[in-house]
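Presented below is the structure to which this report refers.
The values are calculated or read from the model by the stated rules, or taken from the named source; none is laboratory data. A quick note: this is a predicted structure, and the numbers were derived from the prediction, not measured. A quick note on method: Cβ atoms are made from the backbone with ideal geometry, for glycine too, and the neighbour counts reach across all protein chains shown.
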């Protein structure tokens with residue numbers, strides 16, 4: 001099997017034992033060939049992040065997936081610490097900082113709020129893409145391409161069957177990123193990459209067969 005992209009999943013959840021959805025998602029992707037899974041809380045329980053090791057992981061991969069719950073309209077604490085330490089000036093950005101240029105970034109986010117709660121008329125007033133703008137700008141500053149997020153909404157109310165379906169969709173997305181099956185320009189403005197997923201992937205497959 002030819003692997004088009006090397007994919008690194010950086011995972012951060014401080015209470016994984018309580019998360020039905022993230023456990024199911026992890027189970028679906030950890031065994032995918034060509035995927036590197038890295039649990040930040042497991043690796044750094046004291047937040048003593050090994051900067052050179054993390055930079056090496058980023059350099060060795062083409063697509064970086066940040067999987068995390070959506071905490072207070074942001075990320076878990078270790079992810080902010082990771083950003084502050086790992087994305088160094090003149091390595092990730094700045095006049096000499098081109099180590100990450102051309103790589104792709106996607107956030108895989110779980111949130112208790114329903115999809116209807118995110119938007120101008122919803123409880124949270126802003127869309128998820130708007131809440132992720134600082135992370136999108138971080139990627140832009142580092143010369144990276146920011147992909148629409150994979151989002152699982154309403155996690156508290158999901159049935160086991162619904163969780164299993166979201167986890168299977170996540171596996172499909174990760175494999176599609178690895179295999180180069182997404183037309184990144186076509187999906188760039190999607191509110192989430194798992195919107196109309198089967199249609200998007202079948203269209204992409206059709207284009208590849210037509211070449």
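Would you check which residues across region 1-36 are buried (at least 17 other Cβ atoms within 10 Å of the Cβ) and part of a strand (DSSP E or B) and list them?
Passing the criteria: 7, 8, 9, 10, 11, 35.
Which of the residues that make up region 182-194 are in contact (Cβ under 8 Å) with a residue 40 or more places away in the chain and assigned to a helix (DSSP H, G or I)? Steps first, answer last, please.
Residues of region 182-194 that are in contact (Cβ under 8 Å) with a residue 40 or more places away in the chain, as a first pass: 184, 187-194.
If the condition is that a residue be in contact (Cβ under 8 Å) with a residue 40 or more places away in the chain and assigned to a helix (DSSP H, G or I), then 184, 187 are the ones that fit.
For region 167-181, which residues satisfy the criterion of being farther than 16 Å from residue 11 by Cβ and touching a residue at least 40 places away in the same chain (Cβ under 8 Å)?
If the condition is that a residue be farther than 16 Å from residue 11 by Cβ and touching a residue at least 40 places away in the same chain (Cβ under 8 Å), then 168, 175, 178, 179, 180 are the ones that fit.
It is to be established whether one or more residues within region 130-139 are exposed (fewer than 15 other Cβ atoms within 10 Å of the Cβ), over 26 Å from residue 22 (Cβ atoms), out of contact with any strand residue (DSSP E or B) (no Cβ under 8 Å at 6 or more places or on another chain) and modelled with pLDDT of 95 or more.
no
Which one of these is at pLDDT below 85 and assigned to a helix (DSSP H, G or I): 203, 177?
Answer to the selection: 203.
Consider residue 195 against the criteria (1) under 15 Å from the mean Cα position of the chain (by Cα); (2) farther than 22 Å from residue 22 by Cβ; (3) at pLDDT below 95: it satisfies all of them except one. Which criterion is unmet?
It fails just one condition, (2).
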